[in-house]
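Asks: Please find one structure pasted underneath; my questions will follow.
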Amino acid sequence: MSVQSHIDKVLRKIEEYSPGQDEFYQAAHEVLHSLIPLLEEDNRYDVHNILERIMVPERTIIFRVCWLDDHGRVQTNYGYRVQFNSAIGQYKGGLRFHPSVNLGIIKFLGFEQIFKNALTGLQIGGAKGGSNFDPKGKSDNEIMRFCQAFMSELFKHIGKTRDVPAGDIGVGAREIGYLFGQYKKLTGHFEGVITGKALNWGGSNTRKEATGYGSVYFAENILKKYDKDLEGKICTVSGSGNVAIYTIEKLYEMGAIPVTCSDSKGTIYHETGIDVNSLKAIKEINHQSLEVYAQVHPDSVYTPVSHYPEGRHQAWDVPCDVAFPSATQNELDLEDAKVLVANGCILVNEGANMPTTPDAVAYLKKHNILFGPGKAANAGGVATSQLEMSQNASMANWSFEEVDIKLRQIMRNIFETAYETSKEFGCEGDLVTGANIAGFRKVADSMIDQGAV
């Protein structure tokens, strides 16, 4: 059987046994097809049935979460933890609380996490979890009760050498605190079982900033490879969570000018540059809509989602040099890619997980636009989570500067690994292929070493 036929067979099988999981199929198609050069060169992965094995999570946990709202009514949500692969270390991956969460979303994120974690060079396996619970509009007490109910089931399946969750969309410092407090109450153990903790009880400097900072560091490495830099570049950023906020902050430090941000209700375009302090106050402190930003900065333009064509993102219509999709999956489509190319964009760097649709990626590649894939470009968050685990294990506390230096080096290593792997397999500069092959090879070789488990 040819490699292509084998891949097609595996993809048909996962669609048959995992119906309705479109995001998981999308991630699987991208990874498996990019592995063709490796699979044609080395038949060990066929002999050991690695493709079939790596597509199936080691463990999938689905549970009910019942909690009391402020009116004394019992509410019910779904909870998930997909422990995908532990070949190179204990499971590691965030928790996402968002109404869009379902098993397919969690499987896609967990599958991507396998290779992202492998690329960091650190010993961590891939997992993801979450719930269809929406923290927006909920009181602090409701969020606390939900987190406690969620952890009352999850705690049975995690541990510092077993599975170490972190935050993701909808799970920030507040939620991490409530989750950890319940874990400690249930187990009686104060241990590094969750990352993203507050600094005064075991957290790491730079963790909140890490994914955004790391994304910018990755973009910096791409541009340097082609004798360019971020100085003076106009940058568009989507999102207004941790990733977007700290991408914007680090872009300023690099001399770039970030001019957009967005949330679920609309997009801000501020030609002179996004005011980071205002953005932090609105999103991190007051948890408000970006409509407020336009009120504070009347020289900015706010475009509600309802005023824009369905499926399009206003940020990608703004002329830019570098685009940083940093919100959610499939937010940059083919029409967006066409506009970016027409406007002279030279690099699309993914701060979110799989934010660019396959046809958009193909169009960008066809027009020689530099591209930083999410599993490499946004790996700074999980890398710093592992640094937090290291600090917890040794009861140490590294300074902001120490962690930032380590993060910058990790992102440089990830870029060099992806680039050199692309060169090795005859597609120099194709970081999607390079990142996928490098991450897969490390995990697959470890699976072969450990036998049929």
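Asks: Test V382 against the criterion of being within 14 Å of T195 (Cβ to Cβ) and in contact (Cβ under 8 Å) with a residue 24 or more places away in the chain, and give yes or no.
Replies: Values: within 14 Å of T195 (Cβ to Cβ): yes; in contact (Cβ under 8 Å) with a residue 24 or more places away in the chain: yes.
For V382, the condition - within 14 Å of T195 (Cβ to Cβ) and in contact (Cβ under 8 Å) with a residue 24 or more places away in the chain - is met.
Asks: Now for a separate question. Are any residues in the range 60-75 within 30 Å of I88 (Cα to Cα), surrounded by 14 or more Cβ atoms within 10 Å (Cβ to Cβ) and either of a type outside the set (S, T, Y) or touching a Lys or Arg at 6+ places or on another chain (Cβ under 6 Å) (or both), and if so, which ones?
Replies: Passing the criteria: I61, F63.
Asks: Could I ask something else about it? Step by step: first the residues of the range 38-58, then only those that are within 27 Å of the chain's Cα centre (by Cα) and surrounded by fewer than 16 Cβ atoms within 10 Å (Cβ to Cβ), then the one that is farthest from I106 (Cα to Cα). Which residue is that?
Replies: Taking the candidates together, the pick is E52.
Asks: Let me ask something else. Taking the range 223-244 on its own, how many of its residues are at pLDDT 95 or above and buried (at least 24 other Cβ atoms within 10 Å of the Cβ)?
Replies: Step one: of the range 223-244, the residues at pLDDT 95 or above are 223-240, 243-244.
Subsequent filtering for residues that are buried (at least 24 other Cβ atoms within 10 Å of the Cβ) retains 235-240, 243-244.
Looking only at that region, the number is 8.
Asks: Same structure again: With the requirement that a residue be over 22 Å from R312 (Cβ atoms) and either crowded, with 21+ Cβ neighbours inside 10 Å or of a type outside the set (D, E) (or both), what does the range 249-273 give you? Write out each step before concluding.
Replies: Restricting attention to the range 249-273, the residues satisfying the condition of being over 22 Å from R312 (Cβ atoms) are 249-257, 272-273.
K250, L251, Y252, M254, G255, A256, I257, T272, G273, listed by residue number.
Conditions (1) in contact (Cβ under 8 Å) with a residue 40 or more places away in the chain; (2) surrounded by fewer than 22 Cβ atoms within 10 Å (Cβ to Cβ); (3) assigned to a helix (DSSP H, G or I), marked per residue:
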position: A149; (1), (2), (3): yes, no, yes
position: S152; (1), (2), (3): no, yes, yes
position: P165; (1), (2), (3): yes, no, no
position: R174; (1), (2), (3): no, yes, yes
position: G177; (1), (2), (3): no, yes, yes
position: Q182; (1), (2), (3): no, yes, yes
position: L186; (1), (2), (3): no, yes, yes
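Asks: Now, a different point. Quick one: Q391 ticks every box in (1) part of a helix (DSSP H, G or I); (2) touching a residue at least 24 places away in the same chain (Cβ under 8 Å); (3) within 18 Å of H33 (Cα to Cα); (4) in contact with a Ser or Thr (Cβ under 7 Å, 6 or more places away or on another chain) except a single one, so which number is it?
Replies: Just one mismatch for Q391, condition (3).
Asks: Name the helices (runs of 4 or more DSSP H) wholly inside the range 36-89 in which the number of residues that are out of contact with any strand residue (DSSP E or B) (no Cβ under 8 Å at 6 or more places or on another chain) and under 15 Å from I114 (Cβ atoms) is 1 or more.
Replies: Correct list: 44-47, 50-54.
Asks: Given the criteria surrounded by fewer than 20 Cβ atoms within 10 Å (Cβ to Cβ), hydrophobic (A, V, I, L, M, F, W, C) and closer than 20 Å to A352 by Cα, does V276 qualify?
Replies: Numbers: surrounded by fewer than 20 Cβ atoms within 10 Å (Cβ to Cβ): yes; hydrophobic (A, V, I, L, M, F, W, C): yes; closer than 20 Å to A352 by Cα: yes.
When the stated conditions are applied, V276 passes them.
Asks: Please list, ordered by residue number, the helices (runs of 4 or more DSSP H) wholly in the range 287-371 having 2 or more residues that are among the small types (G, A, S) and modelled with pLDDT of 95 or more. Reasoning before the result, please.
Replies: Values: elements: 291-296, 334-342, 358-366.
Where helices (runs of 4 or more DSSP H) fall fully within the range 287-371 and carry at least 2 residues being among the small types (G, A, S) and modelled with pLDDT of 95 or more, they are 334-342, 358-366.
Asks: Please tell me if L230 is in contact (Cβ under 8 Å) with a residue 40 or more places away in the chain, hydrophobic (A, V, I, L, M, F, W, C) and in a loop (DSSP other than H, G, I, E, B).
Replies: In short, yes.
Asks: Could you say whether any residue in the range 259-277 is assigned to a loop (DSSP other than H, G, I, E, B) and modelled with pLDDT under 95? Show your work before the answer.
Replies: Going through the range 259-277, the residues assigned to a loop (DSSP other than H, G, I, E, B) turn out to be 259, 264-265, 270-275.
Among the residues that remain, those that are also modelled with pLDDT under 95 are: 264-265.
Checked against the condition, which is being assigned to a loop (DSSP other than H, G, I, E, B) and modelled with pLDDT under 95, the range 259-277 yields at least one hit.
Asks: If you check I143 against the conditions, is it among the hydrophobic types (A, V, I, L, M, F, W, C) and in a loop (DSSP other than H, G, I, E, B)? Give the steps one after another, and end with the answer.
Replies: Details: among the hydrophobic types (A, V, I, L, M, F, W, C): yes; in a loop (DSSP other than H, G, I, E, B): no.
Criteria not met by I143.
Asks: Among the residues of the range 47-85, write down those that are closer than 25 Å to D134 by Cα, among the hydrophobic types (A, V, I, L, M, F, W, C) and without any contact (Cβ under 8 Å) to a residue 40 or more places away in the chain.
Replies: Result: V74, single match.
Asks: Mind telling me which of the residues G125, G130 ends up being touching a Lys or Arg at 6+ places or on another chain (Cβ under 7 Å), under 18 Å from R64 (Cβ atoms), touching a residue at least 40 places away in the same chain (Cβ under 8 Å) and not assigned by TED's automatic domain parsing to the domain that holds Q288? Explain how you work it out, then say what you get.
Replies: On the way: G125 fails: under 18 Å from R64 (Cβ atoms).
Exactly one of G125, G130 is touching a Lys or Arg at 6+ places or on another chain (Cβ under 7 Å), under 18 Å from R64 (Cβ atoms), touching a residue at least 40 places away in the same chain (Cβ under 8 Å) and not assigned by TED's automatic domain parsing to the domain that holds Q288, namely G130.
The values are calculated or read from the model by the stated rules, or taken from the named source; none is laboratory data. Predicted model, so just to flag it, every value in this text is computed and none were measured. Using ideal geometry, Cβ is built from the backbone for each residue, glycine included, and neighbour counts are taken over all protein chains shown.
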